[in-house]
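A short reminder: the numbers here are calculations on the coordinates, not readings from a lab. Note that this is a predicted model, so its numbers are computed, not measured. When we count neighbours, we look across all protein chains shown, and the Cβ atoms used for this are built from the backbone with ideal geometry, even at glycine.
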Amino acid sequence: MANTELKVLDREQDKNPRQIRNAGFLPGSIYGKGIEAKNIQVNTHEFELLYKNNKEGLWELNLGKEKFNAKIQELQMNYATNEFLNVEFALV
C-alpha cells in the first residue's frame, strides 16, 4: 500500500484554531523522536477526501522542503456535525 501524500503548511500562530477552521484549514501537529513538535494546518477538504481511503495507513507529509512519514495519532471530531477539529501525526 502506497503512502498517502498530504501537503501541510506551518500554522499561523496569530490565529486561534477556530479562525483556522473558518478559513478552510484543519489545525494539527507533527511530533516524534528526533524532531521538535511542529504546529501545522492542512486543507480540510483535501484531508477529508484522503482520510476516507487511508484511516489507518501511513501518510507522507510535505512541509515545504521537509518530508515526514507519519501515522494519525489522534483525530478530534465534533460528532454532532461530523466536522474535524484537530489532527495529530506521530512520526514512524
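Tabulated results
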{"quantity": "Filtered chymotrypsin sites (Phe, Trp or Tyr not before Pro), the chain: DSSP coil and at most 10 other beta carbons within 10 Å", "calculated": "Y79"}
{"quantity": "Within region 4-92, trypsin sites (Lys or Arg not before Pro) in DSSP loop having at most 15 other beta-carbon neighbours inside 10 Å", "calculated": "K15, K33, K55, K65"}
{"quantity": "Formal net charge of residues neighbouring I72 (Cβ-Cβ distance under 10 Å; K, R +1; D, E -1)", "calculated": "-1"}
{"quantity": "Whole-angstrom Cα spans of the chain along principal axes, big to small", "calculated": "31, 30, 19"}
{"quantity": "GNM flexibility winner over the chain from N62, N78, N39 (Cα, springs under 10 Å)", "calculated": "N78"}
{"quantity": "Length added when fully stretched, E60-T81, from 0.36 nm per residue minus Cα-Cα", "calculated": "4.8 nm"}
{"quantity": "Two-decimal log10 I(q)/I(0) for region 14-66, as the Debye equation yields it once each C-alpha is a single scatterer, q = 0.23, 0.24, 0.28, 0.32 Å⁻¹", "calculated": "-1.07, -1.12, -1.22, -1.25"}
{"quantity": "For the chain, built as a Gaussian network whose Cα springs stay under 10 Å, the top-fluctuating residue of A23, A37, A80", "calculated": "A80"}
{"quantity": "Total charge dipole magnitude, region 4-91, about the Cα centre, Cβ charges on Lys, Arg, Asp, Glu only, Debye to nearest 20", "calculated": "40"}
{"quantity": "Cα centroid separation - region 70-92 against region 1-34, whole Å", "calculated": "10"}
{"quantity": "Neighbour net charge for W59 - beta-carbon separation under 10 angstrom, K R +1, D E -1", "calculated": "-1"}
{"quantity": "At most 13 other Cβ within 10 Å, DSSP loop - GluC sites (Glu not before Pro), region 17-55", "calculated": "none"}
{"quantity": "Net charge of Cβ neighbours under 9 Å - reference T44; Lys, Arg +1; Asp, Glu -1", "calculated": "-2"}
